[in-house]
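Undergrad: One structure follows; several queries about it will come next.
Taken together, the values in this text are just the output of simple stated rules run on the coordinates, not laboratory data. Everything numeric in this text was worked out from a predicted model, so none of it was measured. For neighbour counting, all protein chains shown are included, and Cβ atoms are generated from backbone atoms with ideal geometry for every residue, glycine included.
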Amino acid sequence: MDRDGTEPELRDLLRAAFGEPPHQVTVAAVRRRVVRRRAMEAVAGAAAVAAVISVAVPALGGVFGSHGPGAGKAHRVIVYVSNDGSGTVTPIRAATNTALPPIEVGDDPDFIAITPDGKTAYVANYVYASGTVTPIRIATNTALPPIKTGRTPDFIAITPDGRTAYVANFDSGTVTPIRTATNTALPPIKTGVHPIAIAITPDGKTAYVANNGSGTVTPIRIATNTALPPIKTSPHPDAIAITPDGKTAYTANDDRSGTVTPIRTATNTALPSIRTGKDTAAIAITPDGRTAYAVNLGSGTVTPIRTATNTALPPIKTGHDTGAIAITPDGRTAYAVNPGSGTVTPIRTATNTALPPIRAGRSPNAIAITPDGRTAYVTDFVSGTVIPIRTATNTALPPIKVGHSPGAIAITP
């Protein structure tokens, strides 16, 4: 491995795919882009590299997107999918699994977040020189004028009251707050190196920003948009989630050994890191807050963590390159996405038992679950489709055609 943390094979792949990057590249920094290239290489029969997509949000959200709490009726639920290769977002009517006309949003649309009232979706356009976020009016599926952010916006989190969206600008080392009432960007907040994920406490008072490049978490006081002193974690925090009671934040640290760092939010103090599996890069927490599930993409496992004692339980074997996870609203089942296997593994949370894997296209990479918990939607980057999974029977339904290279997914509340 090179001094900057980049595996030689990964660096060569990046240069071939995207040209020389404008900054030093770490494995976690380019995870989203590499998994897509890796999927193409796998289909073509080329050698694989050990990197895969991963982003985590709290258990009620979806990976590579999020939705607010609360259950809506099936006919009102819309699934939004960003199509990186098309510069579009495809809405899907959940009641009929029908794709609606695509919405033009900008270059490289990636992460999607939806306001708690379900009125607006925000799409991060992952562009280095001219990063923007495009709002979408959900009532009409109309794109509004893009909002200028920092370089390469790669994550969005929205406060529980829906008033502010926080955008992590990976290559600027900042977070841009957006006032949702007017879609106005406020002054950027300086964080650490390569902010890559954000989680907000349930009371809406503090946003926690994982800084992959500096091995820290920056708390932001939401009332004043002020950054507080950084909290040191293990190297390369790649994702962050907060317990429903707001007392503990957990970072998934994508270092070779694989760890999760708990943070006591009352004092912004890091507790001893918990050993998990190789390359831990995603995390989700059950609605009752009792268990955190850490995704270990390097070992193809999921490690349950008992939050009361911060104790790691035996790892659960899933599939190759497990990189994303979502938990049903009732907390009974976690779904782990395995791009290298082309499967999704259900996990029965009561016993931490893996159920038979579900086939989910050629390269599944992101997942979100409807508010009623009846359907999980999984993007397949290579096929340009979304696969619905009926959670009652763990059965895959016919794929839904979307745009080129679908990557992120979010569902209205």
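Undergrad: Grab the other residues whose beta carbon is less than 13 angstrom from that of Ala266, score K and R as +1, D and E as -1, and report the net. Spell out each step's value before the answer.
TA: Working: positive: Lys205, Lys247, Arg264; negative: Asp203, Asp245.
Around Ala266, the surrounding residues sum to +1.
Undergrad: Another one. Collect residues whose amide H, placed 1.01 Å from N in the peptide plane, falls under 5 Å from the amide H of Thr191; neighbours closer than 5 in sequence don't count.
TA: Amide H neighbours of Thr191: Thr174, Val175.
Undergrad: In whole Å and largest first, what semi-axes does the C-alpha gyration tensor of region 207-332 yield when each eigenvalue is scaled by 5 and square-rooted? Display every interim value, and only then the final one.
TA: Numbers: eigenvalues 105, 55, 29 Å².
Rounded to whole Å, the semi-axes are 23, 17, 12.
Undergrad: Using the Kirkwood radius built from alpha carbon pairs, what does the Stokes-Einstein equation give as D for region 243-297 at 10 °C and 1.306 mPa s, in µm² per second? Before the final figure, lay out the partial values.
TA: Numbers: Rh = 11.3 Å.
Approximately 141 µm²/s, per Stokes-Einstein.
Undergrad: Right, next: For every other residue with a beta carbon closer than 12 angstrom to the beta carbon of Lys278, add +1 if it is Lys or Arg and -1 if Asp or Glu, then tell me the sum. Working shown, then result.
TA: Values: positive: Arg256, Arg275; negative: Asp254, Asp255, Asp279, Asp321.
With Lys, Arg at +1 and Asp, Glu at -1, the net is -2.
Undergrad: In terms of modelled amide H atoms, which long-range or inter-chain residues lie less than 5 Å from the amide H of Asp254?
TA: Asp238
Undergrad: Taking amide H positions as placed 1.01 Å from N in the peptide plane, with prolines and chain starts having none, which residues 5 or more places from Ala282, or on another chain, fall under 5 Å of its amide H?
TA: Val295
Undergrad: Pull up the cross-link candidates among the lysines for Lys401, meaning alpha carbon to alpha carbon under 24 Å and not fewer than 8 places away within one chain.
TA: Cross-link targets: Lys73.
Undergrad: Along each of its three principal axes, how wide is the spread of alpha-carbon positions in region 104-181, in whole angstrom units, largest first?
TA: 31, 26, 16
Undergrad: Further, regarding this structure: How large is the convex hull of the Cα atoms of region 134-252 per residue, expressed in Å³ as a whole number?
TA: Convex hull volume per residue, Cα atoms: 103 Å³.
Undergrad: Based only on other Cβ atoms within 10 Å, what is the fewest-to-most ordering of His404, His236?
TA: Details: His404 12, His236 28.
Exposure proxy ranking, most exposed first: His404, His236.
Undergrad: Taking θ as phi - 60°, what are the ³J(HN,Hα) couplings along region 195-207 by the Karplus curve (6.51, -1.76, 1.60), each to the nearest whole Hz, with x for Gly and Pro?
TA: So the Karplus estimates, Gly and Pro as x, are x, 10, 7, 9, 10, 10, 5, x, 7, x, 8, 9, 9 Hz.
Undergrad: Which log10 I(q)/I(0) values does region 90-129 give at q = 0.21, 0.22, 0.27, 0.30 Å⁻¹ under the Debye formula, counting every alpha carbon as one identical point scatterer?
TA: Those come out to -0.81, -0.86, -1.04, -1.08, one per q.
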